[in-house]
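The next block holds one structure in the form of structure tokens; read it before the comments.
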Amino acid sequence: MLSGEDAPGQPVESTPMAQGHSIEDYIETIYFLAFPVGEYRPQTKGAPTLAVRVADMLGVSRASAGEMLKRMEAEGLVERGEHKEAILTPQGRELAERVVRRHRIIERLLTDFMGYTPAESHVQADLLGDTFTDEMIERISERLGNPDRCPHGWPVDTTFEQAENRELAPLADLEAGARAEIVRLAEHDGELLHWYYDEGLVPGTAIEVREADPESGNVTVQIDGDERALEERAAAGLFVRAAA
Ligand SMILES: [Zn+2]
């Protein structure tokens, strides 16, 4: 499917991509990467291009990600910057905001109404994809009491989300002695998301950084007298608000 000629005129929505990733998964990932607090740091050194980061986050090959970015460019959803990085066009940003908002409301439907755990809800919401129309999403949101955030702390209102980004930092950026509250969890890596819940590293939890090793990126935090050791990848996916 992905090899051979690019077909720029083809409607991407109807084209299932490698490993089952839809255009919505990609646009969600690019949206996540486009905003500073959403910095995801692959463990590889150097300066990976955005296509590589998208591929890394979605667990697809660079070729698949590159192919999809080309298609999205042809669809007018992204444009390529000076360093070939993907930048959302206004049209792409509008779609991205719609997609993430819908995803967050569906996650709340799954946890609040269907009894899924927060750790389970992300992948289940992905499965539902665009099952619901925009109108259904509005009705669901209303029935749920218009929730402010998804179970992992991401605001349903993307304007608020982008404003709040400025107040947050990845745990990986904090120094020893810093105190903070966990606000959001990176949710793209299902295994990591489950681990956060297993370890009690969930939104609303107060933490204190005991050790932060700039070399390895490993962080040790204290929660309620207990210590938790986080590897670089885990520390990069926890977004916190520093205590005043
Ligand atoms: Zn979520």
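When you check Leu95 against the structure, is it away from the ligand (no atom under 16 Å from the Cβ), assigned to a helix (DSSP H, G or I) and under 19 Å from the mean Cα position of the chain (by Cα), yes or no?
yes
Pick from Ala119, Ala125: which is under 30 Å from Glu211 (Cβ atoms), within 11 Å of the ligand (Cβ to nearest atom), of a type in the set (A, V, I, L, M) and not assigned by TED's automatic domain parsing to the domain that holds Trp195?
The unique qualifying residue is Ala119.
Please name all residue pairs, on different chains or six or more residues apart, with Cβ atoms under 7 Å, provided the first residue is in segment 147-164 and is more than 17 Å from Asp126 (Cα to Cα) and at pLDDT below 95 and the second residue is in a helix (DSSP H, G or I) and away from the ligand (no atom under 12 Å from the Cβ).
Thr158/Glu97
Mind counting the residues in segment 165-201 that are under 15 Å from the mean Cα position of the chain (by Cα) and in contact (Cβ under 8 Å) with a residue 24 or more places away in the chain?
Residues in segment 165-201 being under 15 Å from the mean Cα position of the chain (by Cα) and in contact (Cβ under 8 Å) with a residue 24 or more places away in the chain: 16 in total.
Between Arg71, Arg139, Arg108, which is in a helix (DSSP H, G or I), touching a helix residue (DSSP H, G or I) at 6+ places or on another chain (Cβ under 9 Å), of a type outside the set (Val, Ile, Thr) and not assigned by TED's automatic domain parsing to the domain that holds Glu24?
Within the list Arg71, Arg139, Arg108, the selection yields Arg108.
Glu175: of a type in the set (Asp, Glu) and either in a loop (DSSP other than H, G, I, E, B) or surrounded by 21 or more Cβ atoms within 10 Å (Cβ to Cβ) (or both), yes or no?
So Glu175 fits the description; yes.
Tally time: how many residues in segment 60-72 are surrounded by fewer than 18 Cβ atoms within 10 Å (Cβ to Cβ) and either at positive phi or over 21 Å from the mean Cα position of the chain (by Cα) (or both)?
Final tally of qualifying residues: 2.
The values are calculated or read from the model by the stated rules, or taken from the named source; none is laboratory data. Treat the numbers as computed from the prediction; the structure is a model and nothing was measured. Neighbour counts run over all protein chains shown; Cβ positions are idealised from the backbone, glycine included.
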